[in-house]
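Take a look at the structure below.
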Amino acid sequence: MNKLQAWLLASRPASQTYIFFPLLLGQAVHYSRTGWIDWSVFVLLHLYGLFLQLFIVYANDRADIETDRLNTTYTVFSGGSRTLVNGLISLQENYAAVLYTVALNVMVGIFLTAVCGRALALPFIGLSLGLLWMYSFSPVRLSYRGGGELLQMFGVGLVLPVFGYYGQAGDAARFEWALLAFILPGQLACAMATALPDEPSDRASGKHTSAVLLGPGAAKLVIIILNAAAIVFFLLLMEVSPGSRLAATAVPSLCVAGMLALRTGAVPGTQHLALFVTCAIGSTVLLTAATAFLLFAG
């Protein structure tokens, strides 16, 4: 594997969907109220989303290197990119990449502030970077102490949509807060699901994820309930036609049914668990995307 391929692997581009759609959702709320989008802000917000996601995956690789060395049940969704563990990228290269992504995030914040007049852009960006630091690094290191999934839910399910809305509107006062009733449960379920495959190595290294604290069986049940609750709240709260609501929840509902069918045999290191996690992520990402597209469609 050459260096370009190693960096592509380290960048984990599929995880950009976790960032892209919550940011898009916030902007869609603004569009549904006003009928317009500032495209310069749109581009800057999604550049921020790209740089934030790169910061997250590079920094997490560094923070979790010892746990990842113990991990034999990793999947495409979990266990890090393996680039540091397998020596494809050096610690020095990783450290430089983390610094570059921080600098790029700050540059976007400066543009949003100076050019677009968004005075809270840098505080929003600083908060999102700080949440990752609290998740993975000392002295807080919540992913090891318990509560990491709740922190992830807060960052992805609240900070990103509100920042997307703020970026377009210039304030967050009229954000559609009711949307959080189904966005937050789904994001918590997604965070919990991606921790499931790593339960053996997390337990061995003292990392207190939900799968370790609750046990894999109970964690899977909570994930199913959270995803089902997100769908129910979506059906109750989204102010679109009944047909649109049913169409938007069709695939997420199939994902929940898939999780129910896979729950018994889904243990770390098996294809069943990889499919279970795929269904959990798919339900959350697709419901968030559907919400954004419905709001844009009016």
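The values are calculated or read from the model by the stated rules, or taken from the named source; none is laboratory data. Here the structure is a predicted model, which is why all the values come from computation and not from measurement. Glycine gets a Cβ as well: all are built from the backbone with ideal geometry, and neighbour counts include every protein chain shown.
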Subject >> Residues satisfying the stated conditions in the range 159-175, i.e. outside any helix (DSSP H, G or I) and either of a type in the set (A, V, I, L, M, F, W, C) or surrounded by 21 or more Cβ atoms within 10 Å (Cβ to Cβ) (or both) >> reply: ALA172, ALA173, PHE175
Subject >> Filter result for the condition that a residue is in a helix (DSSP H, G or I) and either farther than 20 Å from TYR18 by Cβ or in contact with a strand residue (DSSP E or B) (Cβ under 7 Å, 6 or more places away or on another chain) (or both), over ILE183, ILE225 >> reply: ILE225
Original post:
Hey, among the residues in the range 35-63 that are touching a residue at least 60 places away in the same chain (Cβ under 8 Å) and among the β-branched types (Val, Ile, Thr), which one's surrounded by the fewest Cβ atoms within 10 Å (Cβ to Cβ)?
Top reply: ILE37
**OP:** For the range 134-150, state whether one or more residues are buried (at least 16 other Cβ atoms within 10 Å of the Cβ), touching a Gly at 6+ places or on another chain (Cβ under 6 Å) and either part of a helix (DSSP H, G or I) or of a type outside the set (Gly, Ala, Ser) (or both).
**Re:** yes
Original post:
Does the range 92-101 contain any residue that is part of a helix (DSSP H, G or I) and either within 30 Å of LEU294 (Cβ to Cβ) or modelled with pLDDT under 95 (or both)?
Top reply: no
Original post:
Does GLN16 meet the test of being within 18 Å of ALA289 (Cβ to Cβ), surrounded by fewer than 18 Cβ atoms within 10 Å (Cβ to Cβ) and of a type outside the set (A, V, I, L, M, F, W, C)?
Top reply: yes
**OP:** Filter the range 243-283 down to residues that are within 25 Å of ILE37 (Cα to Cα) and touching a residue at least 40 places away in the same chain (Cβ under 8 Å), then give me how many there are.
**Re:** 2
Subject >> Unique match (being over 30 Å from LEU275 (Cα atoms), modelled with pLDDT under 95 and not aliphatic (A, V, I, L, M)) among SER143, SER138, SER40, SER81 >> reply: SER138
Original post:
Looking at (1) assigned to a loop (DSSP other than H, G, I, E, B); (2) without any contact (Cβ under 8 Å) to a residue 12 or more places away in the chain; (3) closer than 22 Å to MET153 by Cβ, can you tell me which one GLU239 breaks?
Top reply: (3)
Original post:
Here are ALA172, ALA178, ALA114: which of them is modelled with pLDDT of 95 or more and aliphatic (A, V, I, L, M)?
Top reply: ALA114
Original post:
Here are ASP202, ASP198: which of them is in contact with a Pro (Cβ under 9 Å, 6 or more places away or on another chain), part of a helix (DSSP H, G or I), of a type in the set (D, E, K, R) and touching a residue at least 12 places away in the same chain (Cβ under 8 Å)?
Top reply: ASP198
Original post:
For the range 16-83, which helices (runs of 4 or more DSSP H) that fit wholly inside it have 2 or more residues that are within 22 Å of GLY157 (Cβ to Cβ)?
Top reply: 16-34, 39-63
Original post:
When residues of the range 114-133 are filtered for being assigned to a helix (DSSP H, G or I) and not aromatic (Phe, Trp, Tyr), how many remain?
Top reply: 12
Original post:
Going through the range 226-247 one residue at a time, which ones are of a type in the set (Gly, Ala, Ser), more than 20 Å from the chain's Cα centre (by Cα) and closer than 16 Å to ALA289 by Cβ?
Top reply: SER244, ALA247
Original post:
Taking interchain pairs and intrachain pairs at least six residues apart, which have beta carbon atoms under 7 angstrom, with the first residue in the range 95-119 and within 14 Å of GLY49 (Cβ to Cβ) and the second part of a loop (DSSP other than H, G, I, E, B)?
Top reply: LEU112/ARG118
**OP:** Filter the range 146-169 down to residues that are in contact with a His (Cβ under 6 Å, 6 or more places away or on another chain) and modelled with pLDDT of 95 or more and give me whichever is nearest to VAL277 (Cα to Cα).
**Re:** TYR165
**OP:** Could you check, for the range 240-253, whether at least one of its residues is on the phi > 0 side of the Ramachandran plot, out of contact with any Pro (no Cβ under 7 Å at 6 or more places or on another chain) and loosely packed, with under 15 Cβ neighbours inside 10 Å?
**Re:** no
